[in-house]
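Colleague: Sending over a structure as structure tokens; questions will come in a sec.
The values are calculated or read from the model by the stated rules, or taken from the named source; none is laboratory data. As the structure is a prediction and not an experimental result, all values here were calculated from the model. Cβ: placed from backbone, ideal geometry, glycine included. Neighbour counts: every protein chain shown. Areas reflect the complete protein model, heavy atoms only, side chains present, ligands, DNA and RNA absent. Shrake-Rupley method; radii C 1.70, N 1.55, O 1.52, S 1.80 Å.
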Amino acid sequence: MEKDASRQIERLCAEIRRHDYLYYVKNAPEITDRDYDRLFSQLRELEQNHPDLITPDSPTQRVSGRPLDEFKNVTHAIPMLSIDNTYSEEELRAFDKRVAKGLETLQYQYVVELKIDGLAISLRYEDGRLVLAATRGNGTTGDDVTENIRTIKSVPLKLLDGDVPEVLEVRGEVYMPKAAFAELNRQRAEADENTFANPRNAAAGSLKLLDSRITASRNLAFFAYGLGQTSREPALGHYAALQKLADFGLPVNPNTQKAKNMDEVIEICRQWHQKKAELDYQIDGMVVKVDRFVQQQALGSTGRAPRWCIAYKFAAEQAETVVTSIDVQVGKTGTLTPVANLEPVHLAGTTVKRATLHNFDEVARLDVRQGDAVIIEKAGEIIPQVVQVLHQKRKGNPRPCKPPANCPVCGDPVRKDENGVYIRCVNAACPAQLLERLKYFVGRGQMDIEHVGPALLEQLVEKGLVANFADLYRLHFEKLVQLERMGEKSAANILDSIETSKPRPLWRLIAGLGIRHVGGQSAEILAGHFGSLERLMDAGLEELEQIDQIGPVMAQSIYDFFRNEDNIAVIRQMFEAGVHPEKPQQKSRGKQPLEGKTIVVTGTLEHFTRQQIQQTIKDHGGKVSSSVSKKTDFVLAGQEAGSKLAKAQELGVTIIDEKQFREMIHYG
Ligand code: IVH
């Protein structure tokens with residue numbers, strides 16, 4: 001019996017590991033997410049019944065239960081060097097000359113890799129098992145972040161069988177994909193927490209957490225790009241070694257290329273400079289490496305950086321513009337956020353008119369004032385922000401922008417948070433907060449109610465027609481048509497959209513409630529776990545804390561939300577008005593509309609964020625791919641679709657728009 005279980009557990013572990021490999025390394029999964037989850041639950045159940053058979057490298061053992069007190073120091077067996085940087089093609093050619101001179105031959109090749117914008121990590125595998133993960137630190141000594149690294153699903157805890165050296169140190173980059181970064185910052189902004197300036201800071205911040213349960217929720221990823229100490233070199237050159245690492249089950253960037261000479265290197269660099277926005281993660285340049293290990297050794301290093309390797313960095317895309325005014329926005333939990341209105345300027349594919357200034361500390365640090373010329377940049381190529389004020393261009397003596405003492409909307413005195421960084425309006429009846437909560441509720445990432453935009457909500461709040469979410473579902477035609485510029489047709493459309501939202505999936509309703517710290521992703525986890533809002537409302541703190549990926553802070557916030565009588569009353573009223581969220585399991589009945597389909601998404605969609613569309617495709621049985629090929633079943637093209645759309649046209653791949661997609665999945 002015990003033996004049977006042991007064999008079954010071993011078999012399931014191996015199978016799950018293989019599927020992780022197919023998903024994360026090969027980018028070619030063989031089973032649906034649901035089938036994968038089924039395997040995972042089987043394993044978890046068996047292990048629960050036989051706890052003595054749990055091994056540390058089981059796929060269920062990624063997240064440890066208890067936070068650390070501190071990180072231990074680790075001395076690297078081989079120092080983790082840095083790389084020399086260049087910003088110009090001339091310097092790349094000069095590097096090539098030095099290589100040719102150093103090797104006294106022209107018989108060498110380069111490997112050209114993407115320079116992933118994350119942080120360097122060393123993973124040590126002994127007998128194929130991950131035993132240590134350390135940050136670079138000062139190059140000689142770093143932090144032991146094994147617990148946190150174990151939570152990264154693309155990092156194998158056990159390598160695939162094969163000729164894996166006894167000791168294998170793998171070096172690579174931990175990074176946060178753009179979608180995860182955008183989602184994390186959205187959640188943090190919503191929860192009145194400091195947002196991260198870029199995906200690299202977000203990745204670094206997530207690895208520095210002592211509680212690996214929080215790291216687990218951050219969706220970090222990893223690419224291997226080199227070796228540290230090894231008991232045996234797995235190949236003669238870098239390119240072949242990377243392929244070996246991929247064979248061992250490690251994620252290696254698929255865009256790595258060999259180049260015969262510097263002309264080819266430069267061509268590849270130029271191409272990626274052009275195409276970098278298409279990637280799902282941020283790169284800040286390219287890394288060029290001499291391929292053969294003997295040649296690398298012959299060139300040696302300067303102590304700080306190797307002579308066989310150079311980083312070609314892309315200058316960050318920036319634009320200069322002028323701050324026309326500085327607004328103070330009131331968030332749905334009352335936080336006051338300064339926002340710069342800008343003279344419209346084109347930056348990395350979009351026209352930017354506004355940029356967040358994060359908080360008043362940042363305003364003071366930048367010393368930004370109305371009329372200032374500023375440099376803006378996009379954080380993670382997504383969120384525009386002011387990075388520099390050109391003080392030398394300032395005309396006259398504009399007044400400094402001071403934190404307000406009163407809420408700009410309701411006029412009540414404001415309060416500083418514990419850290420003294422955020423300023424908040426604490427008037428629960430502040431109409432600005434109500435308006436923000438409503439805007440969020442109807443937003444495309446939540447209940448997605450078409451035709452109910454900010455202008456209409458403003459009127460509804462002002463006229464006293466809507467004072468909570470439930471009131472939306474109690475609106476009457478007669479009242480609506482009396483509003484300014486409201487025709488009968490529009491009023492009917494509005495009521496129609498509100499009606500269509502009543503059976504929205506449960507996670508959308510949970511997300512829409514605006515519970516602090518709970519974003520779309522957490523809402524999905526909660527919906528999946530509880531299956532109904534009633535069960536979630538009744539959940540005890542302990543049960544909430546035990547849910548995978550729900551940290552203690554979020555658990556407390558959820559618990560508190562449902563202990564508030566006003567919140568409960570509004571939910572009851574919504575139910576009475578006919579809101580009946582679709583239960584998560586209803587989706588999985590019968591054949592899935594996108595079963596077996598590989599879909600590439602490009603451009604901006606109206607009803608889904610990046611993360612949501614990926615989840616929705618998966619939920620309906622489809623597979624999301626990031627690049628268009630002949631194997632792509634269709635390309636879903638939104639606004640401002642770029643080169644992926646062109647590629648689809650070139651290959652004759654079916655292109656659909658958002659409306660067609662929504663019809664496919666029967667989304668109202
Ligand atoms: S090779 C001795 N390859 O860039 C060579 N580094 O600016 C070690 N990085 O510390 C690094 N992508 O964190 C290498 N494909 C890549 C990389 C890469 C990102 C980072 C790495 C390094 C930093 C240097």
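Colleague: Taking the stretch 542-555, which residues are over 20 Å from the mean Cα position of the chain (by Cα) and open to solvent by less than 50 Å² (accessible area, probe 1.4 Å)?
Modeller: Hits for the stretch 542-555 are Leu544, Ile547, Pro552, Ala555.
Colleague: Looking at the stretch 515-528, which of its residues are touching a Leu at 6+ places or on another chain (Cβ under 8 Å) and either surrounded by fewer than 18 Cβ atoms within 10 Å (Cβ to Cβ) or among the β-branched types (Val, Ile, Thr) (or both)?
Modeller: Of everything in the stretch 515-528, just one residue is touching a Leu at 6+ places or on another chain (Cβ under 8 Å) and either surrounded by fewer than 18 Cβ atoms within 10 Å (Cβ to Cβ) or among the β-branched types (Val, Ile, Thr) (or both), namely Val518.
Colleague: Kindly list the number of the only condition in (1) within 16 Å of the ligand (Cβ to nearest atom); (2) over 24 Å from Pro254 (Cβ atoms); (3) not polar (S, T, N, Q) that fails for Leu210.
Modeller: (1)
Colleague: Let me ask another. Just for strands (runs of 3 or more DSSP E) wholly inside the stretch 98-148: which have at least 1 residues that are open to solvent by 20 Å² or more (accessible area, probe 1.4 Å), among the basic types (Lys, Arg) and more than 13 Å from the ligand (Cβ to nearest atom)?
Modeller: Where strands (runs of 3 or more DSSP E) fall fully within the stretch 98-148 and carry at least 1 residues being open to solvent by 20 Å² or more (accessible area, probe 1.4 Å), among the basic types (Lys, Arg) and more than 13 Å from the ligand (Cβ to nearest atom), they are 119-126, 129-135.
Colleague: Okay, moving on. Give the residue, chosen from Glu70, Glu90, that is of a type outside the set (Gly, Ala, Ser) and over 24 Å from Phe222 (Cα atoms).
Modeller: Glu90
Colleague: Looking only at strands (runs of 3 or more DSSP E) that lie completely in the stretch 257-336, which have at least 2 residues being in contact with a helix residue (DSSP H, G or I) (Cβ under 6 Å, 6 or more places away or on another chain), within 16 Å of the ligand (Cβ to nearest atom) and of a type outside the set (Lys, Arg)?
Modeller: Once the strands (runs of 3 or more DSSP E) in the stretch 257-336 are filtered for at least 2 residues that are in contact with a helix residue (DSSP H, G or I) (Cβ under 6 Å, 6 or more places away or on another chain), within 16 Å of the ligand (Cβ to nearest atom) and of a type outside the set (Lys, Arg), what remains is 257-259, 283-290, 309-313.
Colleague: Another question, then. Just to be sure I understand, how many residues within the stretch 69-93 are of a type outside the set (Val, Ile, Thr), open to solvent by less than 60 Å² (accessible area, probe 1.4 Å) and assigned to a loop (DSSP other than H, G, I, E, B)?
Modeller: Of the residues in the stretch 69-93, 6 are of a type outside the set (Val, Ile, Thr), open to solvent by less than 60 Å² (accessible area, probe 1.4 Å) and assigned to a loop (DSSP other than H, G, I, E, B).
Colleague: Go through the stretch 309-338 residue by residue and tally those that are open to solvent by less than 50 Å² (accessible area, probe 1.4 Å) and modelled with pLDDT of 95 or more.
Modeller: 9
Colleague: Of all residues in the stretch 557-569 being hydrophobic (A, V, I, L, M, F, W, C) and within 32 Å of the chain's Cα centre (by Cα), which is surrounded by the most Cβ atoms within 10 Å (Cβ to Cβ)?
Modeller: Ile558
Colleague: Looking at (1) surrounded by 15 or more Cβ atoms within 10 Å (Cβ to Cβ); (2) away from the ligand (no atom under 16 Å from the Cβ), which one does Pro344 not meet, given that it meets all the others?
Modeller: So Pro344 meets the others, but not (1).
Colleague: Considering the stretch 245-256 alone, what residues qualify as being assigned to a helix (DSSP H, G or I) and more than 16 Å from the ligand (Cβ to nearest atom)? Outline the logic, then answer.
Modeller: Taking the stretch 245-256 first, the residues assigned to a helix (DSSP H, G or I) are 245-247.
Of everything in the stretch 245-256, just one residue is assigned to a helix (DSSP H, G or I) and more than 16 Å from the ligand (Cβ to nearest atom), namely Asp247.
Residues are listed down the side, and each one gets a yes or a no for (1) at pLDDT below 90; (2) small (Gly, Ala, Ser):
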| residue | (1), (2) |
| --- | --- |
| Gly551 | yes, yes |
| Phe561 | no, no |
| Val579 | no, no |
| Gln586 | yes, no |
| Lys591 | yes, no |
| Ile599 | no, no |
| Glu606 | yes, no |
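Colleague: Val600 is checked against (1) in contact with a strand residue (DSSP E or B) (Cβ under 9 Å, 6 or more places away or on another chain); (2) open to solvent by 30 Å² or more (accessible area, probe 1.4 Å) and fails just one. What number does that condition carry?
Modeller: (2)
Colleague: So is Ala204 in a helix (DSSP H, G or I), open to solvent by less than 30 Å² (accessible area, probe 1.4 Å) and within 13 Å of the ligand (Cβ to nearest atom) or not?
Modeller: Considered against the rule, which asks whether it is in a helix (DSSP H, G or I), open to solvent by less than 30 Å² (accessible area, probe 1.4 Å) and within 13 Å of the ligand (Cβ to nearest atom), Ala204 comes out as yes.
Table: residues versus (1) open to solvent by 30 Å² or more (accessible area, probe 1.4 Å); (2) basic (Lys, Arg); (3) not in a loop (DSSP other than H, G, I, E, B).
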{"residue": "Val414", "(1), (2), (3)": "yes, no, yes"}
{"residue": "Ala429", "(1), (2), (3)": "yes, no, no"}
{"residue": "Arg437", "(1), (2), (3)": "yes, yes, yes"}
{"residue": "Gln446", "(1), (2), (3)": "no, no, no"}
{"residue": "Ile449", "(1), (2), (3)": "no, no, no"}
{"residue": "Glu458", "(1), (2), (3)": "yes, no, yes"}
{"residue": "Gly464", "(1), (2), (3)": "yes, no, no"}
{"residue": "Glu478", "(1), (2), (3)": "yes, no, yes"}
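Colleague: Moving on to the next point. Need the failing condition index for Glu173 against (1) under 30 Å from Phe196 (Cα atoms); (2) at pLDDT below 95; (3) not β-branched (Val, Ile, Thr), just the number.
Modeller: The number of the failed condition is (2).
Colleague: Let me ask something else. Considering only residues that are open to solvent by 70 Å² or more (accessible area, probe 1.4 Å) and not in a helix (DSSP H, G or I), which ones fall in the stretch 15-51?
Modeller: Going through the stretch 15-51, the residues open to solvent by 70 Å² or more (accessible area, probe 1.4 Å) turn out to be 18, 23-24, 26-27, 30, 34, 37-38, 42, 44-45, 48-49, 51.
Within the stretch 15-51, Lys26, Asn27, Glu30 meet the criteria.
Colleague: Next question. From the list Glu193, Glu166, Glu183, which one is more than 16 Å from the ligand (Cβ to nearest atom), within 18 Å of Gln229 (Cα to Cα) and open to solvent by 10 Å² or more (accessible area, probe 1.4 Å)? Working first, answer last.
Modeller: Working: Glu193 fails: within 18 Å of Gln229 (Cα to Cα); Glu183 fails: within 18 Å of Gln229 (Cα to Cα).
One residue alone meets the criteria, Glu166.
For every residue, the table says whether it meets (1) in contact (Cβ under 8 Å) with a residue 24 or more places away in the chain; (2) open to solvent by less than 10 Å² (accessible area, probe 1.4 Å); (3) within 27 Å of Arg186 (Cα to Cα).
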| position | (1), (2), (3) |
| --- | --- |
| Ile571 | yes, yes, yes |
| Ala577 | yes, no, no |
| Gln611 | yes, no, yes |
| Lys618 | yes, no, yes |
| Asp633 | yes, no, no |
| Ala641 | yes, no, yes |
| Ile655 | no, no, no |
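Colleague: Picking from Val389, Val368, which residue would you name as being crowded, with 17+ Cβ neighbours inside 10 Å, touching an Asp or Glu at 6+ places or on another chain (Cβ under 7 Å), farther than 30 Å from Arg508 by Cβ and modelled with pLDDT of 95 or more?
Modeller: Details: Val368 fails: touching an Asp or Glu at 6+ places or on another chain (Cβ under 7 Å).
Within the list Val389, Val368, the selection yields Val389.
Colleague: Also, quick follow-up: What's the number of the condition Leu160 fails, among (1) free of Cβ contacts under 8 Å to residues at least 12 places away in the same chain; (2) part of a loop (DSSP other than H, G, I, E, B); (3) open to solvent by less than 50 Å² (accessible area, probe 1.4 Å)?
Modeller: (1)
Colleague: How many residues, within the stretch 501-554, are farther than 20 Å from Ala189 by Cα and not in a helix (DSSP H, G or I)?
Modeller: So the count comes out to 12.
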